[in-house]
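The structure appears below as structure tokens.
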Amino acid sequence: MKNLTPLAQTYLDRFDAARRSLPGHASPAVTALRESGLARFKALDFPGRKVEEWRFTNLSPLTKGIEAMEAPATSLPVAEFKTPHVMTFINGRFSHANSALGELPKGLTLTSFASELDAGNSTLLESDAEDSRAVVALNTAFMEDGFVLTAAENTTLDTSILIRFVSLDGTADNARHMRNIIRLGKNATVTLLEEHAGADGHAYFANPVTDIALEEGARLNHYKFQAESNTAFHLATTDCEVPAGAHYENFSLSTGARLSRNEITTRITGDKALSSLNGAYLIRGHQHCDTTTITRHLVPENESKQVYKGILDDDAQGVFQGKIQIVPDAQKVSGDQLSRALLLSDRASVAVKPELEIHADDVKCSHGASSGELDEDALFYLQSRGIDGKTARKMLIDAFLADVLDEITDEAVRSFFAAITARWMEEV
Amino acid sequence: MLEIKDLHATVGDKEILKGINLTIKAGEIHAVMGPNGAGKSTLSYVLAGREGYEVTSGDVLYKGENLLDLSPDERACRGIFLAFQYPVEIPGVASATFLKTAYNAQRKFRGESEVDAMEFLKLVREKTKELDIKDDMLKRAVNVGFSGGEKKRNEVLQMSLLEPDLMLLDETDSGLDIDALKIAADGVNRLRSPERAGLIITHYQRLLDYIVPDFVHVLADGKIVKSGDKSLALELEEKGYAALSAA
């Protein structure tokens with residue numbers, strides 16, 4: 001048998017001790033689930049670069065083992081995004097003291113996943129036993145907390161819910177296997193913003209897995225701000241089922257982590273359903289940011305859209321892999337995908353792999369990918385009117401990002417993200 | 001205002017300007033004419049400070065200062081304006097934002113207070129009316145989807161707004177029909193004053209019917225080969241550049 005990667009081996013070694021303290025340890029069903037996850041992870045290990053889906057993202061800096069770094073623990077930063085509904089996780093555990101869940105409307109519940117496991121509620125994870133993705137299997141074995149959001153039929157929440165995952169140190173186990181569950185009933189509408197953050201200098205591995213199921217006509221605006229520590233690893237996996245008349249909107253803004261991957265799979269299972277996946281990544285230094293989407297049109301008459309934009313400075317590396325699958329008989333489907341990258345340094349690079357697997361003939365699909373530098377002609381034109389070089393660059397970068405930020409329906413989140421991108425550009 | 005002394009400049013490895021001498025005093029309009037490839041546009045880019053246009057020897061003094069030490073934006077703030085032969089399209093940047101940013105950058109440089117959006121809009125509306133430019137252009141991205149004529153008119157609008165001391169016009173007449181040409185010329189003529197000067201680069205004499213120059217120079221192979229008054233332009237129109245080069 002081949003040797004496991006050093007990090008995978010440490011997980012196998014510590015599983016027996018860990019599971020006795022992980023949530024749900026008293027429940028035989030939860031225990032069985034964890035064991036199945038561990039068995040699958042052991043068989044899979046972390047994906048190497050020979051695995052096609054991971055060809056462009058080399059996990060060896062992670063899998064050789066994370067070294068805890070000597071960085072002082074920090075205190076919880078104040079949330080910049082203002083909303084009355086806040087749920088906070090500190091170092092991978094729900095913090096009641098830093099959450100505000102009192103004002104949620106009737107029909108909407110938001111609980112900690114750990115408490116669900118402790119109550120033996122493993123039914124939330126039915127599909128998990130057959131998942132063949134290594135990071136998901138690892139998460140199943142070690143999942144420790146996360147949020148569980150349910151909305152009853154016709155429940156509408158007008159203000160956003162903020163979920164904060166904050167790492168305050170990079171010591172001890174230095175991994176966060178968060179498991180999040182979202183279930184929206186018929187015609188329910190919810191807006192959710194996840195913040196994943198950690199102070200620079202802390203090394204840890206965040207491995208969140210989010211499982212979403214919408215019922216007919218439901219709408220989820222799902223936003224994510226990934227601002228992990230510049231020495232952290234962040235591998236996120238999100239799955240969403242979008243049935244008839246439902247609308248899933250996802251926007252991920254990534255500025256953090258040494259190495260990150262945001263993998264989203266949507267299964268479109270009804271007519272008039274819409275999957276809208278968008279995002280922006282702004283990276284510099286030696287950051288690596290991977291966006292991988294899999295959009296599966298499983299029935300006729302629905303739609304998917306994707307717009308991703310990246311700005312890369314210094315030695316940063318970006319990856320975009322977008323797969324659109326249209327099964328036979330899924331006619332009258334439309335799928336659009338666009339990926340653009342702006343390289344601010346000649347050492348920065350981006351790898352792009354669009355994949356269209358179309359097995360129906362009456363469909364409308366498009367994909368586009370481009371990468372390039374700032375337009376020197378435009379820069380000179382702005383400067384020739386008296387605008388200084390730095391401001392001119394910022395105007396052009398702003399212009400590059402503007403239309404992708406416009407994809408964000410929620411105004412408050414859009415202006416929050418615009419403020420973050422503006423701050424990032426201050427350092428260009 | 002502007003003194004160009006024995007200016008040599010290269011683009012890439014190629015020497016384009018081979019010793020230009022030209023003095024422009026306040027109140028004067030000079031026209032530089034010449035065949036394609038003579039170095040006309042290179043001269044305008046060198047004066048505006050474009051990267052990649054390298055001055056290998058010679059001097060350019062602007063208001064007594066060494067112009068070549070200044071960045072393009074510093075030159076603009078000190079009153080140099082280049083109307084581009086090919087105005088650049090900038091998707092995602094609204095014309096109004098661009099104009100206001102430029103206008104305020106120049107005010108700030110002069111130590112004047114910046115104007116707010118309302119004030120600016122009022123000002124720019126006056127100018128668009130004068131130049132017969134539709135207001136909706138302000139909402140569109142800079143030059144994106146503009147016709148050739150609209151782009152040139154937009155250049156003149158910017159110039160009217162920024163009120164430069166030294167106007168550089170690079171083939172502003174190309175791509176303009178006669179009505180647009182008149183409007184553009186009108187924009188330049190409005191700015192003519194004893195304190196301002198202009199350098200008009202053109203291939204054809206046509207524009208000079210409307211913007212009457214004080215001096216006309218012929219640029220060929222990187223050098224000024226002949227200078228005269230406005231009658232030189234007419235002579236060139238009649239005989240062509242070839243006759244002149246042969247002479």
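Restricting attention to the stretch A:48-75, which residues are among the aliphatic types (A, V, I, L, M), in contact (Cβ under 8 Å) with a residue 60 or more places away in the chain and open to solvent by 50 Å² or more (accessible area, probe 1.4 Å)? Scanning the stretch A:48-75 gives A:68, A:69, A:73. Taking the stretch B:185-247 as the region of interest, the strands (runs of 3 or more DSSP E) fully inside it that hold 2 or more residues being crowded, with 17+ Cβ neighbours inside 10 Å and among the small types (Gly, Ala, Ser) are B:197-202.
Just checking, does the stretch A:237-251 include any residue being over 27 Å from residue A:105 (Cα atoms), surrounded by fewer than 23 Cβ atoms within 10 Å (Cβ to Cβ) and not basic (Lys, Arg)? Yes, that holds for at least one residue. Might you check whether a residue that is loosely packed, with under 14 Cβ neighbours inside 10 Å, within 14 Å of chain A (Cβ to nearest Cβ) and in contact with a strand residue (DSSP E or B) (Cβ under 8 Å, 6 or more places away or on another chain) occurs anywhere in the stretch B:43-54? Checking the stretch B:43-54: at least one residue is loosely packed, with under 14 Cβ neighbours inside 10 Å, within 14 Å of chain A (Cβ to nearest Cβ) and in contact with a strand residue (DSSP E or B) (Cβ under 8 Å, 6 or more places away or on another chain). Report yes if residue A:190 is touching a Phe, Trp or Tyr at 6+ places or on another chain (Cβ under 9 Å) and either within 30 Å of residue A:9 (Cβ to Cβ) or assigned by TED's automatic domain parsing to the domain that holds residue A:112 (or both), otherwise no. In short, no. Taking the stretch B:114-136 as the range and being within 21 Å of residue B:165 (Cβ to Cβ) and open to solvent by 80 Å² or more (accessible area, probe 1.4 Å) as the test, the residues that pass are B:114, B:126. Looking only at the stretch A:102-138, residues that are open to solvent by 30 Å² or more (accessible area, probe 1.4 Å), under 23 Å from the mean Cα position of the chain (by Cα) and closer than 28 Å to residue A:414 by Cα come to 2 in all. For residue A:415, the criteria (1) modelled with pLDDT of 95 or more; (2) under 22 Å from residue B:98 (Cα atoms); (3) under 23 Å from the mean Cα position of the chain (by Cα); (4) within 14 Å of chain B (Cβ to nearest Cβ) hold in every case but one, which is (4). Every listed requirement among (1) over 19 Å from residue A:166 (Cα atoms); (2) of a type outside the set (Phe, Trp, Tyr); (3) in a loop (DSSP other than H, G, I, E, B) is met by residue A:124 save one, (3).
Could you check the stretch A:368-423 and list, in sequence order, the residues that are closer than 19 Å to residue B:48 by Cβ, open to solvent by less than 20 Å² (accessible area, probe 1.4 Å), of a type in the set (S, T, N, Q) and assigned to a helix (DSSP H, G or I)? Residues satisfying the conditions do not exist here.
Cβ separations smaller than 7 Å between residues 6+ apart or across chains give no pair from the stretch A:235-253 residues that are without any contact (Cβ under 8 Å) to a residue 40 or more places away in the chain and basic (Lys, Arg) to residues that are open to solvent by 10 Å² or more (accessible area, probe 1.4 Å) and outside any loop (DSSP other than H, G, I, E, B). Does residue B:178 satisfy the condition of being surrounded by fewer than 23 Cβ atoms within 10 Å (Cβ to Cβ) and touching a helix residue (DSSP H, G or I) at 6+ places or on another chain (Cβ under 9 Å)? Taking the combined requirement at face value, the residue satisfies it. In a residue-by-residue description of the stretch A:340-348, the property of being closer than 17 Å to residue A:282 by Cβ, more than 29 Å from the chain's Cα centre (by Cα), within 14 Å of chain B (Cβ to nearest Cβ) and not hydroxyl-bearing (Ser, Thr, Tyr) applies to no position. Taking the conditions exactly as written (β-branched (Val, Ile, Thr), part of a strand (DSSP E or B) and over 9 Å from the mean Cα position of the chain (by Cα)), does residue A:266 satisfy them or not? The answer is yes for residue A:266. Go through the stretch A:368-381 and give me each residue that's more than 7 Å from chain B (Cβ to nearest Cβ) and of a type outside the set (D, E, K, R). A:368, A:369, A:370, A:371, A:372, A:374, A:379 - these are the residues of the stretch A:368-381 that are more than 7 Å from chain B (Cβ to nearest Cβ) and of a type outside the set (D, E, K, R). Based on what the data block shows, is residue A:409 within 14 Å of another protein chain (Cβ to nearest Cβ) and β-branched (Val, Ile, Thr)? No, not satisfied.
Of the residues making up the stretch A:6-22, those that are surrounded by fewer than 20 Cβ atoms within 10 Å (Cβ to Cβ) and either in contact with a Ser or Thr (Cβ under 8 Å, 6 or more places away or on another chain) or among the charged types (D, E, K, R) (or both) are A:6, A:8, A:13, A:14, A:16, A:19, A:20.
The values are calculated or read from the model by the stated rules, or taken from the named source; none is laboratory data. Worth saying up front: this structure is predicted, and the values here are computed from it rather than measured. In this analysis, Cβ positions are derived from the backbone assuming ideal geometry, glycine residues included, and neighbour counts consider all displayed protein chains. Just so you know, the surface numbers come from the protein's heavy atoms only, side chains and all, with ligands and any DNA or RNA stripped out. Shrake-Rupley method; radii C 1.70, N 1.55, O 1.52, S 1.80 Å.
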